[in-house]
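So the structure is just underneath, and the comments pick up after that.
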Ligand code: F1P
């Protein structure tokens, strides 16, 4: 079990590994299981929440035990990483008519973008031509907002892949789907399998192959599972590659933006880093080298979580702001700021948050982002991401109840950070900072002045021996962990989580629709058919389903779900009490904290 002694929270090995038992939630893939470590996260203090997240993250690096699940550090995984790195190396050495495409949906697509940008930048610095490209379901607007309907569209995936690969003769395609489930990625992998003369497919995900989703995809002859089976066959002759270690269930069930995203970033950056070192600095690709890089990422987790107190303080501040209906802003510089944009953009689909609740801004806006579709400001206020936008749209209305978090590193222009800190302080004293620097680096007077303006500063020190590029990747991963903790912890404190389930999830794609039905079954104990029926009633806001609704397919339901709120909580209250939708609605209005509303019925 897990125990709390003072501020120390520890779990014994059997609890850490409980999810690996074949009897543990056997019908669910690892990515959808609930994590035994966080069963009580909804009642935990900020400090306790951060320790739980730390324990969950540390599961990424657990060694393989027995044969149940292969892990990040397992031989098979490391060998496949080597093989993929060798393919990348070949393209780097002879980039003519070649491309490496990274692709995914939601967080996976955002990380595809981030990693493609990082390594194209590295190539530019070496005066080499770019070889990386990315696709994301829903296009660039999905980098900053949830666009979940396109995730269900395999044809769109295939067409967008074809478009970026026009004229290319050799493409290494890296599809990312943490749950081995997104139809958009399945469509792309299928295209690769149909044209092996051009495409070599690689799949990154965090479930064993047999747990890949086997649900029929409308309009398609294949399921994700079929695609994985075909890839497994071809992997024997290295014509396809599968990298799918298990990293354990997410802290908030199914929230693959957390460990899934971190493990994606770690895996792909290690692969690209060793490929670049092989192509440009004659360092051969070895399993030892790969393991060293993986271990360095584990160290990044340790360094970050050695600051539990500071992170807990941020969680508490952000939680307070959200509880009183105020906002949290991340104001960042350089690439760690992009992690702020990403974290903020995920809060809407994950927690049903409004876009104003947690927002990210990056110094330089779209110039820094450098996305392929260019500035997207014209799409609306949620696409305004520069510091100037913050100053115009947000700053005037800030007060002490809002939390502002500065995110910067010693390589940024500290005088600019100071300027911004001063402006923010005129409006709110609730200003905090996350500052990354290298060991032995002494704080300047300006630096001290910024610290004085902030209520708290999380100072994260990194070994000075690391190369500049690996330092940047460490800062990014560390920032991701801190911000994931802040936004998740704040929503937990706001009462959005029941046990370790997000109840108020948006039902905006087929994966989420299924997850919602399952959650209703689990929490109400009612049969699947009744749960789905009640889900639809809540979604269409009717007490009786019309033939129009029952004859529509899931795609239509999902489209409707985009414009409705509190669907799952309403359905749950109806299921538990047998009351009408109107009654359930008024009940939830009186008790907006879903956990408490639900609990009142459950007890
Ligand atoms: C893709 C994804 C997640 C997002 C949400 C919906 O998942 O967009 O990033 O948080 O769960 O699905 P996957 O294809 O990587 O499993």
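Odds and ends about this structure:
- Within region 339-369, the set of residues being on the phi > 0 side of the Ramachandran plot and either within 16 Å of the ligand (Cβ to nearest atom) or within 11 Å of the chain's Cα centre (by Cα) (or both) comprises just one member, 352.
- Scanning region 223-245 for residues that are within 24 Å of residue 26 (Cβ to Cβ), in contact with a helix residue (DSSP H, G or I) (Cβ under 6 Å, 6 or more places away or on another chain) and assigned to a loop (DSSP other than H, G, I, E, B) turns up just one, 245.
- Selected residue [closer than 14 Å to residue 330 by Cα, surrounded by 15 or more Cβ atoms within 10 Å (Cβ to Cβ) and in contact with a helix residue (DSSP H, G or I) (Cβ under 8 Å, 6 or more places away or on another chain)] from 438, 460, 486, 414: 486
- Exactly one residue out of 175, 248 is within 13 Å of the ligand (Cβ to nearest atom) and either in a loop (DSSP other than H, G, I, E, B) or touching a residue at least 24 places away in the same chain (Cβ under 8 Å) (or both): that is 175.
Okay, residues lined up against (1) part of a helix (DSSP H, G or I); (2) surrounded by fewer than 24 Cβ atoms within 10 Å (Cβ to Cβ); (3) within 11 Å of the ligand (Cβ to nearest atom); (4) within 22 Å of the chain's Cα centre (by Cα):
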| residue | (1), (2), (3), (4) |
| --- | --- |
| 109 | yes, no, yes, yes |
| 127 | no, yes, no, no |
| 142 | yes, yes, yes, yes |
| 147 | no, yes, yes, yes |
| 151 | yes, no, yes, yes |
| 162 | yes, yes, no, no |
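- Count of region 213-235 residues which are in contact with a strand residue (DSSP E or B) (Cβ under 9 Å, 6 or more places away or on another chain) and within 19 Å of residue 32 (Cα to Cα): 1
- Residue that is surrounded by the fewest Cβ atoms within 10 Å (Cβ to Cβ) [pool: residues in region 178-199 that are outside any loop (DSSP other than H, G, I, E, B) and either modelled with pLDDT under 95 or within 16 Å of the ligand (Cβ to nearest atom) (or both)]: 190
- Consider region 407-438 and keep the residues that are within 29 Å of the chain's Cα centre (by Cα) and part of a loop (DSSP other than H, G, I, E, B). The one that is nearest to residue 306 (Cα to Cα) is 410.
- Condition met for residue 115 (more than 13 Å from the ligand (Cβ to nearest atom), touching a strand residue (DSSP E or B) at 6+ places or on another chain (Cβ under 8 Å), assigned to a helix (DSSP H, G or I) and touching a residue at least 60 places away in the same chain (Cβ under 8 Å)): yes
- Residue within region 48-57 that is part of a loop (DSSP other than H, G, I, E, B), under 30 Å from residue 313 (Cα atoms) and in contact (Cβ under 8 Å) with a residue 40 or more places away in the chain present: no
- Among the residues making up region 231-245, those that are crowded, with 16+ Cβ neighbours inside 10 Å and either modelled with pLDDT under 95 or over 21 Å from the mean Cα position of the chain (by Cα) (or both) are 231, 234, 235, 240, 241.
- Those residues of region 200-222 which are surrounded by 24 or more Cβ atoms within 10 Å (Cβ to Cβ), within 14 Å of the ligand (Cβ to nearest atom) and not in a loop (DSSP other than H, G, I, E, B), in sequence order: 203, 204
The values are calculated or read from the model by the stated rules, or taken from the named source; none is laboratory data. Here the structure is a predicted model, which is why all the values come from computation and not from measurement. Note that each Cβ is placed from the backbone with ideal geometry, even for glycine, and that neighbours are counted across all protein chains shown.
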